[in-house]
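> Questions regarding the structure given below will be posed in turn.
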Amino acid sequence: SELIKPYLGSKYKLTEVPKSLIFCMSKHSGPVNEIQWCPVQEQSHMLLSASMDKTVKVWDAVDTGCCLKTYSCHSCAVRAAQWSSCGRRILSGGFDSMLHLTDVETGKQIFSSKNEFRVSALKFHPTESNIFICGGFSPEVKSWDIRTSKVLRVYKAAVQQTLDILFLPEGKEFLTSTDAVSRDSADRTIIAWDFQSAAKISNQIFHERYTCPSLTLHPKESVFVAQTNGSYMALFSSQRPYRINKKKRYEGHKVEGFAVGCEFSPDGTLLVTGSSDGKVFFYNYHTARIIRTLSAHKEACVSAIFHPVLPSLLATCDWAGEVKIWQ
């Protein structure tokens, strides 16, 4: 992409809040569950989207706003999808309980496996590119090795469903957010795990009676944020014992049962979130104040993510199947 070239190799500039709509990409026929920019900077004009319409699409979301490829390997809704670190493959998991690793160029499956449960969350290991973790409608979370097509480890939690997975830096530990089971207690909503031993490190992290549909890590500081169904985002330390910051809450947006994603800007100054009323909220990370809201969609906006290289480019997606690019 000619637009990205001048930014490669230079330091990321201060993130600006986007003001205007660049592209509206509406090829999906069902809600879009996940969007992700390609992690390889030279190829970061590409955006993937996973949808309830059973497809994963790749877009040129910087130069043209066109759909480049559609992958239809799933027979049910695709709930989670991730780029591989090399940018040549896409891992996807769906309500058909299938896991697929697809070659972006050819559209062929490099790896396919039937899982024992419907998949709702997937994450590649941050340093081991052949390993990923998947969770979903099951008390278990599994790590897989793509090279052997086998499950490496099983992480057992007394829950009904895994909503999101977050690796902590270096990948020795990870967090899962779960649909907490016990009515009388709010523990187990966020669980910290030791990746190697599959031991639970802590399940006493978040004590409010809300589930957390998404988790996100700060790019520079040792903190993470959990989106909660209480329509606020909570801030935690990403080091043991993962204490909550009681002085900061990011509130103003609405979640209302949607799996609304949240994310930091690449420089760590802004926290951005979708909202069930279709808006996007930009919070100052340090003060927790709302800097701006963007009326982005008519339906629930479930994800808003900043471009990794271009400092004011934002992608959003919604429950009506639209993906929009803002600048």
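The values are calculated or read from the model by the stated rules, or taken from the named source; none is laboratory data. Because the structure is a prediction, the values reported are computed rather than measured. Counting neighbours? That spans all protein chains shown, and the Cβs are built from the backbone with ideal geometry, glycine included. Ligands, DNA and RNA are excluded from the accessible area calculation, which covers all protein heavy atoms including side chains. Shrake-Rupley method; radii C 1.70, N 1.55, O 1.52, S 1.80 Å.
> May I ask you to list the lysines whose Cα is less than 18 Å away from that of Lys54, ignoring any residue fewer than eight positions away on the same chain?
Output for Lys54: Lys27, Lys69, Lys108, Lys114.
> Which of the GluC sites (Glu not before Pro) found in the range 212-301 are in a DSSP loop and have at most 13 neighbouring Cβ atoms, other than their own, within 10 Å? Write down the numbers at each step before the final one.
Details: sites: Glu221, Glu251, Glu256, Glu263, Glu299; in loops: Glu221, Glu256, Glu299.
For GluC sites (Glu not before Pro) across the range 212-301 that sit outside H, G, I, E and B with at most 13 neighbouring Cβ atoms in 10 Å, the list reads Glu221, Glu256.
> Where the only charges are on Cβ atoms (+1 Lys, Arg; -1 Asp, Glu), what is the dipole of the range 181-272 about its Cα centre, to the nearest 20 debye?
280 debye
> Hey, another quick one. Could you please state, rounded to a whole Å, how far the C-alpha centre of the range 93-152 is from the C-alpha centre of the range 51-81?
17 Å
> When we measure straight from the Cα of Lys298, which aspartates and glutamates land under 17 angstrom away, once same-chain ones fewer than 8 places off are left out?
Leaving aside aspartates and glutamates fewer than 8 places away in the same chain, those within reach of Lys298 are Glu256, Asp277, Asp318, Glu322.
> Another question, if that's okay. Round to a whole angstrom and tell me the spacing of the C-alpha centers of the range 265-285 and the range 294-317.
Comparing the Cα centres of the range 265-285 and the range 294-317, I get a distance of 9 Å.
> Taking the Cα centre of the range 19-326 as origin, sum charge times position over the Cβ atoms of Lys and Arg (+1) and Asp and Glu (-1), and report the length of that vector in debye to the nearest 20.
Working: 35 positive and 29 negative charges, 83 e Å.
Charge dipole of the range 19-326: 400 debye, to the nearest 20.
> State the volume of the convex hull built on the alpha-carbon positions of the range 19-326, expressed per residue in Å³ and rounded to an integer.
116 Å³
> Going toward the positive end of the dipole of the chain, with +1 on Lys and Arg Cβ and -1 on Asp and Glu Cβ, which of Pro308, His297, Trp326 do you reach last?
Of the listed residues, the answer is Pro308.
> While we're looking at this one, here's another question. Which one of Asn33, Val151, Asn130 has its Cα pushed farthest toward the positive end of the charge dipole of the range 19-326, where Lys and Arg give +1 and Asp and Glu give -1 at the Cβ?
Going by the Cα projections, it comes out as Val151.
> Can you tell me, using C-alpha contacts under 8 Å and at least 6 residues apart, the relative contact order of the range 19-326 as a whole percent?
Numbers: 895 pairs, mean separation 40.7, N = 308.
The value is 13 percent.
> Ignoring ligands, DNA and RNA, what percent of the accessible area of the chain is carbon or sulfur (1.4 Å)?
Here it works out to 47 percent.
> Write down the accessible area per residue of the range 19-326 in Å², having rolled a 1.4 Å probe over the full set of protein chains.
Accessible surface, normalised per residue, equals 40 Å².
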